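Peer 1: Here you go, one structure.
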Amino acid sequence: MSRPFVLSAVLGAALAVGLASPARSATWDIDPSHSTVSFIVKHLVIAKVRGNFKTFSGTVVVDDKDPAKSSVTVKIDPASIDTDNGKRDEHLKGEDFFNVAKFKDMTFVSTKVEKGPDGVLKITGDLTMHGVTKSVVLTGEGPSIEVKDPGGNVHVAFSASTTVKRADFGLTWNKAIEGGSVVGEDVKIELEIELFKKR
């Protein structure tokens, strides 16, 4: 039920950061210590459950001459899922959901970058989760201005979001209740990402 799916998602928006910065070749890495990959899914129809993945990494390579050829790659450890409830997290890691013993990684690899009529960058890519690969579209907001940390490293930040369906990735566990089901089918992924430029 995770937004790993997104997972995805995270690096895609990162590309928006690189494309909006001054023209020059650069490789940006996600700073996991100052980034969040989270998700929201309905519970019992009426409530929302939030969670995140603690372990993830990714790289954005920007092509100055042809931004459409820029690339994004991301990897997420599904076993790092955290919904602030140990019993629920163990259920999510098990065979009913992510089956982390068998499917150890979730990945996102970009396939297309385009700018919409509103100027917002959209990054299409292949998200692989639970042994299933599907194309997803990430929408980026930002980037921030470039800022140097005390060590001279350049950082930028951005936000991104997308919505995916659990069933598309084989995550079909559920139980029926009056008026709906225990777990919602739509999962919203929200990304708050900080990147640093490799030197």
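Peer 1: Where the second residue is of a type outside the set (Asp, Glu) and assigned to a loop (DSSP other than H, G, I, E, B) and the first is on the phi > 0 side of the Ramachandran plot and lies in the range 27-44, which pairs have Cβ atoms under 8 Å and are six or more apart or on separate chains?
Peer 2: That search, which allows pairs on different chains as well, returns Leu44/Val182.
Peer 1: Going through the range 94-115 one residue at a time, which ones are part of a loop (DSSP other than H, G, I, E, B), in contact (Cβ under 8 Å) with a residue 12 or more places away in the chain and not acidic (Asp, Glu)?
Peer 2: To start, the set of residues in the range 94-115 that are part of a loop (DSSP other than H, G, I, E, B) comprises 94-105.
Filter again for in contact (Cβ under 8 Å) with a residue 12 or more places away in the chain, leaving 96-100, 102-105.
Phe97, Phe98, Asn99, Val100, Lys102, Phe103, Lys104, listed by residue number.
Peer 1: Tell me yes or no: at least one residue of the range 131-144 is under 22 Å from Ile30 (Cβ atoms) and acidic (Asp, Glu).
Peer 2: Taking every residue of the range 131-144 in turn, at least one turns out to be under 22 Å from Ile30 (Cβ atoms) and acidic (Asp, Glu).
Peer 1: Just the residues that are surrounded by 13 or more Cβ atoms within 10 Å (Cβ to Cβ), in a strand (DSSP E or B) and of a type outside the set (Gly, Ala, Ser), please, taken from the range 139-166.
Peer 2: Of everything in the range 139-166, those that are surrounded by 13 or more Cβ atoms within 10 Å (Cβ to Cβ), in a strand (DSSP E or B) and of a type outside the set (Gly, Ala, Ser) turn out to be Thr139, Glu141, Val154, His155, Val156, Phe158, Thr162, Thr163, Val164, Lys165.
Peer 1: Being farther than 24 Å from Lys134 by Cβ, loosely packed, with under 13 Cβ neighbours inside 10 Å and either modelled with pLDDT of 90 or more or among the polar types (S, T, N, Q) (or both) is the requirement here; does Asp84 meet it?
Peer 2: Yes, satisfied.
Peer 1: Taking interchain pairs and intrachain pairs at least six residues apart, which have beta carbon atoms under 8 angstrom, with the first residue in the range 139-167 and under 17 Å from Leu121 (Cα atoms) and the second modelled with pLDDT of 85 or more and among the small types (Gly, Ala, Ser)?
Peer 2: none
Peer 1: Condition check: more than 24 Å from Val182 (Cα to Cα), free of Cβ contacts under 8 Å to residues at least 60 places away in the same chain and surrounded by 11 or more Cβ atoms within 10 Å (Cβ to Cβ). Does Thr73 satisfy that?
Peer 2: The answer is no for Thr73.
Peer 1: So, one more: Can you pull out every residue in the range 127-166 that is over 19 Å from Val100 (Cβ atoms) and of a type in the set (Gly, Ala, Ser)?
Peer 2: Ser135, Gly140, Gly142, Ser144, Gly151, Gly152, Ala157, Ser159, Ala160, Ser161
Peer 1: Go through the range 125-140 residue by residue and tally those that are at pLDDT below 90 and closer than 17 Å to Val61 by Cβ.
Peer 2: 2
Peer 1: Next question, about the same structure. What's the total number of residues in the range 42-81 that are aliphatic (A, V, I, L, M) and at pLDDT 90 or above?
Peer 2: 4
Peer 1: Out of Lys188, Lys165, Lys134, I need the residue that is of a type in the set (Lys, Arg) and over 15 Å from Lys42 (Cβ atoms). Which one?
Peer 2: Lys134
Peer 1: If I go through the range 104-133 residue by residue, how many of them are surrounded by fewer than 17 Cβ atoms within 10 Å (Cβ to Cβ) and of a type outside the set (A, V, I, L, M)?
Peer 2: So the count comes out to 14.
Peer 1: If you check Glu194 against the conditions, is it buried (at least 19 other Cβ atoms within 10 Å of the Cβ) and in contact with an Asp or Glu (Cβ under 6 Å, 6 or more places away or on another chain)?
Peer 2: yes
Peer 1: Which residues, counting only those in the range 141-177, are modelled with pLDDT of 85 or more and aliphatic (A, V, I, L, M)?
Peer 2: The answer is Val147, Val154, Val164, Ala167.
Peer 1: Let me ask you something else. In the range 116-131, how many residues are under 21 Å from Lys54 (Cβ atoms) and without any contact (Cβ under 8 Å) to a residue 40 or more places away in the chain? Talk me through it step by step, then tell me what you get.
Peer 2: Just the residues of the range 116-131 that are under 21 Å from Lys54 (Cβ atoms), to begin with: 127-130.
In the following step, the residues that additionally are without any contact (Cβ under 8 Å) to a residue 40 or more places away in the chain were identified as 128.
Counting residues in the range 116-131 that are under 21 Å from Lys54 (Cβ atoms) and without any contact (Cβ under 8 Å) to a residue 40 or more places away in the chain gives 1.
The values are calculated or read from the model by the stated rules, or taken from the named source; none is laboratory data. Source: prediction; values computed, not measured. FYI the Cβ positions are ideal-geometry reconstructions off the backbone, even for glycines, and counts take in every protein chain you see.
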